[in-house]
Amino acid sequence: MGLIRKGSIKQKLMKISMLTTCVVLLLTGVLLIANEVIVFRQSLIEGIGVMAKTIGTNSTASLTFNDKKTAEETLYALKSAQNITCAVLYNRQGDVLAQYIRDVTVGDCRYHPVGPDGYHFGKDHLDILQRIDLDNENIGALYIRSDLKEIYHRIQWYVVTV
């Protein structure tokens, strides 16, 4: 406040105006970044959810006949999604039938116990678990992990822009 007390009335008004403008711009930037994160997270959940349902539907025969080779080929389709780091297909007993790992050096695709459908955001990843049903009977589950590199790149871009 000592900076505002010194100077003429014109200088004081300019300083108050500049301070107010800076605070409003900073607040606007923070709100834009928060909105981008919320929208991105929701679209990521929806997009990977659709992928999980599609892969799950395409895996019903593999799960029914315990066909590991076909299940691995089905999971390999996830290679086209750059953000998918790994996926695991579980049979009805909760045992791993097939898995897909993009890059073994990137990290570890831990097996998760089969539970209810849902998603979980970690610090640097999104986990989605999708149950797979055939004729209203559970025949397995699909676990997919996605990285969050894209959102971090967007946040950096917004910060630089602001």
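The values are calculated or read from the model by the stated rules, or taken from the named source; none is laboratory data. Being a predicted model, the structure only gives us computed values, none of them experimental. Heads up, the Cβs are rebuilt from the backbone with ideal geometry, glycines too, and the neighbour counts pull from every protein chain shown. Each accessible area value is taken on the protein alone, full model and side chains, heavy atoms only, with ligands, DNA and RNA left out. Shrake-Rupley method; radii C 1.70, N 1.55, O 1.52, S 1.80 Å.
Values as computed for the structure displayed
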item: Count of segment 1-49 residues which are more than 26 Å from the chain's Cα centre (by Cα) and part of a helix (DSSP H, G or I); result: 22
item: Which listed residue, of Ala52, Ala77, is open to solvent by less than 90 Å² (accessible area, probe 1.4 Å), of a type in the set (A, V, I, L, M, F, W, C), closer than 21 Å to Arg92 by Cα and part of a helix (DSSP H, G or I); result: Ala52
item: Among (1) farther than 19 Å from Ile151 by Cα; (2) over 19 Å from the mean Cα position of the chain (by Cα); (3) in contact (Cβ under 8 Å) with a residue 60 or more places away in the chain, the one test that Gln130 misses; result: (2)
